[in-house]
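Below is one structure, written out as structure tokens; comments come after it.
The values are calculated or read from the model by the stated rules, or taken from the named source; none is laboratory data. It should be emphasised that the depicted structure is a prediction, and the values quoted were computed from it without experimental measurement. No Cβ is skipped: glycine too gets one built from the backbone with ideal geometry, and neighbour counts run over all protein chains shown. Each accessible area value is taken on the protein alone, full model and side chains, heavy atoms only, with ligands, DNA and RNA left out. Shrake-Rupley method; radii C 1.70, N 1.55, O 1.52, S 1.80 Å.
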Amino acid sequence: MGPRRKASKLQPSVDSGGGEPVLRPAEPKDYINELSHEVLCHIFRYLPMKDIMCMECLSRKLREAVTLYLRVVKVVDLCAGRWWEYMPSGFTDSSFLLLLKKMPDLEQLYGLHPRYLERRRVRGYEAFSIPGVLEALQACPNLLGVETSHLELVEAVWNYMPQVHILGKFRNRNGAFPIPAENKLTIPITAKIQTLHLVGVNVPEIPCVSMLRHLYLKWVRLTKPQPFKDFLCVSLRTFVMRNCAGPTNSLKYVPLVTGLASARNLEQLELVRVPFLGGLIQHVVEDSWRSGGFRNLHTIVFGACKNALEVDLGYLIITAARRLHELRIQPSLTKDGVFSALKMAELEFPQFETLHLGYVDEFLLQCKMSHSELVKYGLADVIENPGIITDIGIKVVNEVFTNIKYLLIYNCPHLHNPHHWITDQSRWSRLVDLTLVRCHAIKLESFSQFIELLPSLEFICLDQMFREPPKGCARVGLSAGTGIGVSSALVSNQNSNNDNDNHHHHHNEANIPPAPPPVINNNNQRQPPQPPQQHQQQQQHNGKSHRNLMPRNESFTDVTEMCGCVFPGKGKTPLRRCNNVDVSVAVSVDQPKAQVSESSCEKSCQVTSEQIKADMKAATESSRRTGSKGITTETVEATARSGPDSRTVPGTGSTGTASRAGVRPVTASVGRVGPVAATSGHVGGSTATTDRPVGRINHGTEGPSGTQTGGSLIRENGVRQSSSHDDVDSREPRGAATVNHASRTSAPQGGQGERLHAPPGSASAVCSGLQQSQARYEDFVPRRPLTRSCTRTSSVSLLPETARPRVAVRRKRMADKSTSTSDPVTEDDHVQVLSLKSKNLVGITLTNCGITDLVLKDCPKMMFVHATRCRVLKQLQVESAPIVNRFDYAQCKKLEMEQVLDQILRMPPERNRIIYMRPMHQIDSVALERQLFQGPYPYHIAIVHEFSNPPNIRNKVRIRSWMDTIANISQELIKYEFFPEATRTEEDVKRFSKYPWGRDIYTLEGVVDGAPYSMITDFPWLRTLRAADPNSYARYDFEDDENTTIYAPRRKGQLSADICMETIGEEISERRQCKRGVFQRVVVLFLHHCDTPGEPVDDDYI
């Protein structure tokens, strides 16, 4: 029992008038005032400074205690430990000085993060200024250190109070890119600071700061011509330099690297876009490793370092082998040779865990600026090409780093068969986390085998993987999905016994861009219908019948197929009938490769024009070396040399290669015919030895035709057409041989059976060009795979000076943007099945992947599946994944919702499950309710419709916290209270054929953050729990209540199933009497409708 209140006592007081006692209640006792000053000061140690200052005005005793506390306090934090926030506003120079004068023993002042400081005092105006703060700090005689994030304030402290340390991590809060001119900081040699984190700051130089331990430089402009000449930080442990605007002369980075070598305790080295001298690190390591230089590194990061060599990276890795934990390697160093050399060094890496291959800095991935803009703002002029590591190199990776746990590979287009990465020497036995991004050539079946063979794998993350092949490949003879635009004949012929498609092209190559899948264009618009026989012949030509290659020169025929010439053969009509036209001929033989066509394809990787030019130049030189063996025809040489201004070639001869009886002559404007090859035959009138056409013909339409990327188009009168921007969509594959007929009909159009009249000379030009090219490219071996690439950023023409113009044709856009042919044929998506079988796999995340089916074969530990923006993902098949409980499908356009939900709900009820979906089309909610509530699914089900836009995940996250509680109540009742358990067999489904299908269905509706939601469910207990009053366990520190979410159990104090069962006793009794059973498990389907118009909403959470 507590003491009785004094209010019950009546205290008599004598009134001056009548002497009668007046009864007056006594005041309640003030316990705080009874506490001693020492106890109050002890309590203040646990309060924020803001609250202590408020105490001062409550009573005289508390004011005295506050004064005493401030007099002895040595450490004060103005942000109460929340270092990321600002200090309380409202201070002026005078009030801040008054506060600090009350703290004469103050030694360390944390949280001095003013939201705004004036640079100087203004007479007659009370403000918070830098001179005022300095004056207040100087009023503390024992001040040792101060924590701040203000650039000008820290510089003032260094200049006027050099003995004061800068505490904690100094990180300026106004960093940005481009670097603001007003952000300036000069670092003195005497600066007493341990951690300096600068973002978006102009700094003259980095001097010798002996105390500095951690230096982070991001978007820092170094303004002096020699910013590192005095750099020497012997205590340095972390050095990070990312995307800084420093000197362009790589020699000026020599003192930086030598200074880093002298920091014997350096643990983390990150260099991103630092153009240091190639080979410099190798020499510095050779000089310093015996004395401990770079020996303690545990993290090495190289990203976009223009001149970095393999030896620089290799020497660092070898030196730091004993301590190395993490390695991130830029694409230019992601190659087989690096790991082969490390293997030969025969080192052990006992602590190594994380490897990132093809590392590209996040800023470069997310930055909207072009390369030229970045260079304009001072960043190093460097362009990254994809990593050229192959399957052989990845195999060696695990032989070198045997303990690797986390592997991330970005944009390595020469990886094909992951199951080849596993050998007796490299078992990847500790790999836990695998992330693959934009590795387009990896084969799906091989990847599935690889996953099955990894014993410890828990997490898979796939981004922009297994892209769907373009539509139309099957109909034009391309092997879809190989990632290279070569014909199926070429692939099957060259690699009949080799799993790794065009494996032998890649081993010794450098700077190869990723190969987007081939895209084909049939520019055929107003064409007469094809006769059946002709259609059949075309199918035969475009299909798998490419196998019957010329026996005497197989490789030559392969090149022929790649490079695109046309041979009408015996008894075959050409592929399309064309109109009566007069066409000029433009033959290019100096152009060794089909040109890159600029396309609007979203999925292609960016390749710069400089790189393509370099590749073409190298190939041109190789073609010139072999060209001396061939026959030279003056006419064609003149044509080839004429550059972009092409002219018609005069001459005589019949059309095409020699036509046999029954073959219509074809008038061809041969644009962009690269390395071409002819069959053995005479120019003019002899017979050809081949009996099948190779390649195909694109007919143009009447109307103006433009050129693409700087080429010029010549009509029969020699006038150049103007460039047309609409031709971006008319693409050609590298693999399929293509001849464009872009023409304007000048004569009346003849009927189908009429012969075409060719201008004299076209055939001889074509034939001589073909024959010369045959000789010139007899020994032609492609230096890189002949793929179609795409450049979006470069405005430079991709045609070299020797290249002939490509004849481009304007065509209509098709309604289905995903098809790359203009044939009005709807084609089903190519089926790509990702099958998962793994004993330890916990979860998989898919983003922008081209798979159509996901199969969970045997995943006993799998817990979640996330799929975002997978355009063709349609179906889920669950064979064995008993404990998976979270499915997220966001913005998957073609997802078959009914099939996916049926698969999930048919899983044995061993777990509660939540399914989150963001459909991109309208949902028939009535049909959905019927499917879920009527079906044979042994769960209590809730369907939540959320309409917030932009999406709010509050409801989704909160549901996870209480759906388990609902299920736990039911399980407790069934196990320990002999409560009836509900069933859902096929007989039950037949018996309950109408609403509510044998369930107790109800609806909850409300508004969360201004957006409505609706929940249709048969959850037991929920309505009673929502309506109950808070109990003694209620927690009001939690922000949610029923106004902001569906159900807030912590605000009610309903923290466990046992506590909840006390609240719902009546409902339990009613259900027991009615013999209405409950299911042990629950399923929540959460539908977010923000994307239903079909346009995806940007969302940070996915």
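For region 941-1096, the square roots of the Cα gyration tensor eigenvalues, ordered a ≥ b ≥ c, give a/c of at least 1.5 with a/b no greater than b/c, which places it in the oblate category. Here r is the Cβ-Cβ distance between residue 1002 and residue 863 and R0 is 35 Å; the resulting FRET efficiency, rounded to 0.05, is 0.70. As a length-normalised measure over Cα pairs under 8 Å and 6 or more apart, the relative contact order of region 941-1096 settles at 42 percent.
Under the combined filter of DSSP loop state and at most 13 neighbouring Cβ atoms within 10 Å, region 1049-1101 retains these trypsin sites (Lys or Arg not before Pro): 1075. Relative to one another, the C-alpha centroids of region 453-469 and region 64-143 are positioned 54 Å apart. A probe of 1.4 angstrom, applied to the heavy atoms of all protein chains, finds residue 925 with accessible area near 40 square angstrom.
Legend: calculated FRET efficiency, residue 459 to residue 323, from the Cβ-Cβ distance at R0 = 25 Å, rounded to 0.05, equals 0.45.
Sorting 251-257, 109-115, 326-332, 1062-1068 by average packing, meaning the other beta carbons within 10 Å per residue, from highest down gives 326-332, 109-115, 251-257, 1062-1068.
The apolar share of the surface of region 187-376, taken as the fraction of accessible area on carbon and sulfur atoms (1.4 Å probe, ligands and nucleic acids excluded), comes to 52 percent. Full extension of the segment from residue 189 to residue 54, taken as 0.36 nm per residue of separation minus the current Cα-Cα distance, would add 44.5 nm. One decimal place: the segment residue 61-residue 1035 gains 347.4 nm when fully extended, by the rule 0.36 nm per residue minus the C-alpha distance.
Backbone N atoms of region 927-946 closer than 15 Å to the 7 Å Cα→Cβ label point of residue 1097 belong to residues 945-946. A viscosity of 1.002 mPa s and a temperature of 20 °C, combined with the Kirkwood radius over C-alpha pairs in the Stokes-Einstein formula, give region 187-376 a diffusion coefficient of 127 µm²/s. If you model region 885-944 as an ellipsoid using its alpha carbon gyration tensor, with each semi-axis the square root of five times an eigenvalue, the axes come out at 19, 14, 10 Å, biggest first. Between residue 89 and residue 159, the distance separating the two model label sites (each 7 Å from Cα on the Cα→Cβ line) works out to 2.8 nm. Ordered from largest to smallest accessible area (heavy atoms of protein chains, 1.4 Å probe), the residues 155, 270, 34 come out as 34, 155, 270. Roughly how many whole Å is it from the C-alpha centroid of region 378-393 to that of region 306-334? So the separation of the two Cα centres works out to 14 Å. Annotation for residue 29 and residue 310: the two label points, set 7 Å from Cα along the Cα-Cβ direction, are 8.5 nm apart. At the residue level, residue 318 shows approximately 70 square angstrom of accessible surface with a 1.4 angstrom probe and all protein chains present. For region 873-1020, the antiparallel share of DSSP beta bridges with both residues in that region comes to about 70%.
Each Cα pair under 8 Å and six or more residues apart adds its sequence gap; the mean of these over the residue count of region 868-979 is a relative contact order of 23 percent.
For region 887-988, the set of chymotrypsin sites (Phe, Trp or Tyr not before Pro) satisfying both a DSSP loop assignment and a count of at most 13 other C-beta atoms within 10 Å is given as 978.
Solvent exposure of residue 983, expressed as accessible area, is near 90 Å², computed with a probe of 1.4 Å over the protein chains only.
The trypsin sites (Lys or Arg not before Pro) of region 359-402 meeting both criteria, a DSSP state outside H, G, I, E and B (loop) and at most 10 other C-beta atoms within 10 angstrom of the site's C-beta, are 368.
For region 81-223, taking the reciprocal of the average inverse distance between every pair of different Cα atoms yields a Kirkwood hydrodynamic radius of 15.7 Å. Calculated accessible area for region 187-376 comes out at 39 Å² per residue, all protein chains present (probe 1.4 Å; ligands, DNA, RNA ignored).
With both labels modelled 7 Å from their Cα along Cα-to-Cβ, the residue 925 to residue 205 distance reads 7.0 nm. Of all DSSP-defined beta bridges confined to region 103-234, some 5% are antiparallel rather than parallel. Given R₀ = 41 Å, FRET efficiency for residue 37-residue 118 by Cβ-Cβ distance, to 0.05? Efficiency at R0 = 41 Å is approximately 0.60. These residues, 410, 46, go from largest to smallest accessible area, 1.4 Å probe, as 46, 410. What percent do you get for the relative contact order of region 187-376 when only Cα pairs under 8 Å and 6+ apart count? So the answer I get is 14 percent.
Stretching the chain fully between residue 1026 and residue 107 yields a gain of 325.6 nm (0.36 nm per residue, less the alpha carbon separation).
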